[in-house]
Amino acid sequence: MSLQIVGTGNRERGTEAPRSVGSQFPVPDSRHPGNIQAKDFSFWYGPKQALYDVSITIPARAVTAFIGPSGCGKSTFLRSINRLQGLIPGARQTGAIELDGENIYSASLNPVSLRQRVGMVFQRWNPFPKSIYDNVAYGPRINGTASRSKIDEIVEQSLRRAALWDEVKDRLRQSALGLSGGQQQRLCIARALANEPEVLLLDEPASALDPIATQKIEELLYELRSELTIVIVTHNMQQAARVSDYTAFFYLGRLVEVNNTGQLFTTPREERTEAYITGRFG
Amino acid sequence: MTDINAPRGPASPPKPAVRTARPSVMQRAAAERTQTTIGRRRVVNVVMVGVTFGAAILATLPLIFILGHLIVAGASSINVDFFTQIPKPPGEAGGGMANAMVGTLVLILAASAFGLPIGIGAGLYLAENRGTHLANAVRFLSDVLNGLPSIVMGIFAWQFLVKPMAKFTALAGGIALGAMMIPLVTRTTEEMIRIVPVSLREAALALGYSRWRTSLVVVLRTALPGIVTGALVAVSRIAGETAPLLFTVLGNQFWSASLREPIAALPLQIFNFAISPYDQQHALAWAGALVLIGIVLIISLAARFATRSRFGLGGD
């Protein structure tokens, strides 16, 4: 029943230029920044290997979803894209993840400047215990925007982009913790957008939200995908089908299959993918 | 819906007719046991509730007695002079403890200036580097330092500060008191930083904050109400300390706010007046004790207030 909406959600609303012409597989979109390419990327937590030789292209201006059972490495890979995972003691990696051709694990790239370009939204919304305004202003302030009027502008624009402005414009100075869960999560998206990132990583952003709040987040991702690269980890396969252009299936630390979302859900090439999306395991 | 009275299957044999429902032998025995013991159990319950209630009342009694007696014995000596005058020579009526109050304030400030930065810095280090050998060693030593008798701290300060300088000074007293604050502040800071959620740390890192900046701006800022409380508790702990002051600041009958001179302090003044032979000074000592308790109470209330932050942790 739910699989009927596969691949139609985005297209119904009408797409702009056809993506990845001639191929259903994700290819870099060289017209825009924010293309990610992983090359034989492996990752270890101490002695335990979590990722095995992941090679994938995540094109700019599209939504790519990572699906797979718990512990399959999808979150590890997502968090490797902004090097947050590397902060864990004992973590190491081989291979490369390139952002527009530059290896993000090269010694010359400062993780701080990387994370300005690659924003992140977490499963459990985590606004700072400060005002709504201050939450959004955090990034611009740290990244060198000094002028007050400029920050005002960024805050309003970011909240508008996160579809939150109308709900909070009269209470910008109130605590962010007074918002509902869904609003707090959109605030976290606004906070990430205020940094003007090229890539937005979302780690199960709606798994703790009710269906209405989830729908708002999904609509938001649909809007945002014309502006930046979006990578979303989700446990919810219907969600992956609804929001994403491409879907990657991870299993036991390996990338099993990546394809156009419609293709992957209707005619998966791999048997394990089919078993997973039809609910035979996972 | 299935009819629960319908026969389950074709092969189910007819059940024997159930006679009137009666408790089994075991059930009747259990009920009888309950009947015979229920009175005793009720009594035990009342007694135990009474005992714990009595203990709860007794726990607050010392404070009530002390406060009551201080008010009876000391309140009559509290007047404008008490807060504005310095002590009169023995035997003369009037006089106050203004210099001792100023002295206590100076000592608290000096102790905080010395103890708070070290304590908070150490706490931050412990929280951010938990598990390392150095952190474990520091944590252990700081717990030992916390249990160090204050008289030992006084002797130590005398040996290493007063003796080399050949002079009793407020500075030596401030450092001795500050050293007593350090372990307390260190441990509360560490605990408060530990309860800052990892997700907040990650949020800051993901926005492009460097590690030290995340610690300072997000983690420390979020933990601040708790740290302020810890600092105020430490201050109220040292405000009434007498033993380290005996060896370091000596006391002073005159006005002085200088760190390089002997200074008056409320606990010392109370001690000196209490052991003097004059009733007049005894009354002032009681009044001084009342004021000292008042100061500690105000600091405790301030600590309570500081924890009620507008954007505190919690919420959803």
Could you go through the stretch A:227-234 and let me know if any residue there is outside any strand (DSSP E or B) and closer than 20 Å to residue A:138 by Cβ.
yes
Filtered residues of the stretch A:203-226 (kept if assigned to a loop (DSSP other than H, G, I, E, B), within 14 Å of another protein chain (Cβ to nearest Cβ) and touching a strand residue (DSSP E or B) at 6+ places or on another chain (Cβ under 8 Å)):
A:204, A:205
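Quick one: in the stretch A:165-195, of everything that is part of a loop (DSSP other than H, G, I, E, B) and within 11 Å of another protein chain (Cβ to nearest Cβ), which residue is most open to solvent (accessible area, probe 1.4 Å)?
Looking only at the stretch A:165-195, we keep the residues that are part of a loop (DSSP other than H, G, I, E, B), and these are A:169-174, A:179-180, A:194-195.
From what's left, within 11 Å of another protein chain (Cβ to nearest Cβ): A:173-174, A:179-180, A:194-195.
Values: A:173: 121, A:174: 94, A:179: 7, A:180: 59, A:194: 7, A:195: 13 Å².
It comes out as A:173.
For residue B:260, indicate whether it is open to solvent by 20 Å² or more (accessible area, probe 1.4 Å) and within 14 Å of chain A (Cβ to nearest Cβ).
Details: open to solvent by 20 Å² or more (accessible area, probe 1.4 Å): yes; within 14 Å of chain A (Cβ to nearest Cβ): no.
Considered against the rule, which asks whether it is open to solvent by 20 Å² or more (accessible area, probe 1.4 Å) and within 14 Å of chain A (Cβ to nearest Cβ), residue B:260 comes out as no.
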Taking residue A:200 as meeting all but one of (1) facing another protein chain (nearest Cβ under 10 Å); (2) open to solvent by less than 10 Å² (accessible area, probe 1.4 Å), write down the number of the exception.
(1)
Output for the stretch A:141-164, where each listed residue is over 20 Å from the mean Cα position of the chain (by Cα) and either aromatic (Phe, Trp, Tyr) or open to solvent by less than 70 Å² (accessible area, probe 1.4 Å) (or both)
A:142, A:143, A:144, A:145, A:147, A:151, A:152, A:154, A:155, A:156
Would you confirm whether any residue within the stretch A:124-141 is at the interface with chain B (Cβ under 10 Å from one of its Cβ atoms) and touching a Pro at 6+ places or on another chain (Cβ under 8 Å)?
yes
Restricting attention to helices (runs of 4 or more DSSP H) lying wholly within the stretch B:126-197, give those where 1 or more residues are aromatic (Phe, Trp, Tyr) and within 30 Å of residue B:223 (Cα to Cα).
B:133-146
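Taking the criterion of being more than 24 Å from residue A:235 (Cα to Cα) and open to solvent by 50 Å² or more (accessible area, probe 1.4 Å), would at least one residue in the stretch A:129-140 satisfy it? Explain how you work it out, then say what you get.
Of the stretch A:129-140, the ones more than 24 Å from residue A:235 (Cα to Cα) are A:129-140.
Still in the list and also open to solvent by 50 Å² or more (accessible area, probe 1.4 Å): none.
No, because not a single residue in the stretch A:129-140 is more than 24 Å from residue A:235 (Cα to Cα) and open to solvent by 50 Å² or more (accessible area, probe 1.4 Å).
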Only listed residue being out of contact with any helix residue (DSSP H, G or I) (no Cβ under 6 Å at 6 or more places or on another chain), in contact (Cβ under 8 Å) with a residue 40 or more places away in the chain and either more than 14 Å from residue B:181 (Cα to Cα) or not β-branched (Val, Ile, Thr) (or both), chosen from B:113, B:166, B:157, B:122
B:113
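Out of curiosity, is residue B:201 of a type in the set (Lys, Arg), at the interface with chain A (Cβ under 10 Å from one of its Cβ atoms), in contact (Cβ under 8 Å) with a residue 12 or more places away in the chain and surrounded by fewer than 22 Cβ atoms within 10 Å (Cβ to Cβ)? It would help to see each step written out before you state the result.
Details: of a type in the set (Lys, Arg): yes; at the interface with chain A (Cβ under 10 Å from one of its Cβ atoms): yes; in contact (Cβ under 8 Å) with a residue 12 or more places away in the chain: yes; surrounded by fewer than 22 Cβ atoms within 10 Å (Cβ to Cβ): yes.
The answer is yes for residue B:201.
When you go through B:222, B:214, B:169, B:242 one by one, which is the residue that is of a type in the set (S, T, N, Q) and under 19 Å from the mean Cα position of the chain (by Cα)?
Details: B:222 fails: under 19 Å from the mean Cα position of the chain (by Cα); B:214 fails: under 19 Å from the mean Cα position of the chain (by Cα); B:169 fails: under 19 Å from the mean Cα position of the chain (by Cα).
Just a single option satisfies the conditions, and that option is B:242.
List the strands (runs of 3 or more DSSP E) inside the stretch A:40-116, counting only whole elements, that have at least 3 residues being more than 15 Å from the chain's Cα centre (by Cα) and under 30 Å from residue A:268 (Cα atoms). Before you say what the answer is, go through the steps one by one.
Values: elements: A:48-58, A:63-67, A:91-99.
Correct list: A:48-58, A:91-99.
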When the stretch A:60-87 is checked residue by residue, the ones that are among the aliphatic types (A, V, I, L, M) and open to solvent by less than 10 Å² (accessible area, probe 1.4 Å) are A:60, A:62, A:63, A:65, A:67, A:78, A:81, A:84
Residue count, the stretch B:225-255, condition surrounded by fewer than 18 Cβ atoms within 10 Å (Cβ to Cβ) and more than 19 Å from residue B:293 (Cα to Cα), comes to 3
Subset of the stretch B:206-216 (residues that are at the interface with another protein chain (Cβ under 7 Å from one of its Cβ atoms) and open to solvent by less than 20 Å² (accessible area, probe 1.4 Å))
B:206, B:207, B:208, B:209
Could you list, ordered by first residue, the pairs with Cβ atoms under 9 Å in which the first is in the stretch B:65-81 and of a type outside the set (Val, Ile, Thr) and the second is not in a helix (DSSP H, G or I), at least 6 apart or interchain?
B:77/B:96; B:79/B:96; B:81/B:94; B:81/B:95; B:81/B:96
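Is at least one residue of the stretch B:275-282 part of a helix (DSSP H, G or I), among the aliphatic types (A, V, I, L, M) and surrounded by fewer than 19 Cβ atoms within 10 Å (Cβ to Cβ)? Don't jump to the end; show me each part of the working.
Step one: filter the stretch B:275-282 for residues part of a helix (DSSP H, G or I), giving B:279-282.
If we keep only those that are among the aliphatic types (A, V, I, L, M) too, we end up with none.
No, every residue in the stretch B:275-282 fails to be part of a helix (DSSP H, G or I), among the aliphatic types (A, V, I, L, M) and surrounded by fewer than 19 Cβ atoms within 10 Å (Cβ to Cβ).
The values are calculated or read from the model by the stated rules, or taken from the named source; none is laboratory data. Given the structure is predicted, the values throughout are model-derived calculations rather than measurements. Using ideal geometry, Cβ is built from the backbone for each residue, glycine included, and neighbour counts are taken over all protein chains shown. Accessible surface is based on the protein model in full, side chains and every heavy atom, while ligands, DNA and RNA are left aside. Shrake-Rupley method; radii C 1.70, N 1.55, O 1.52, S 1.80 Å.
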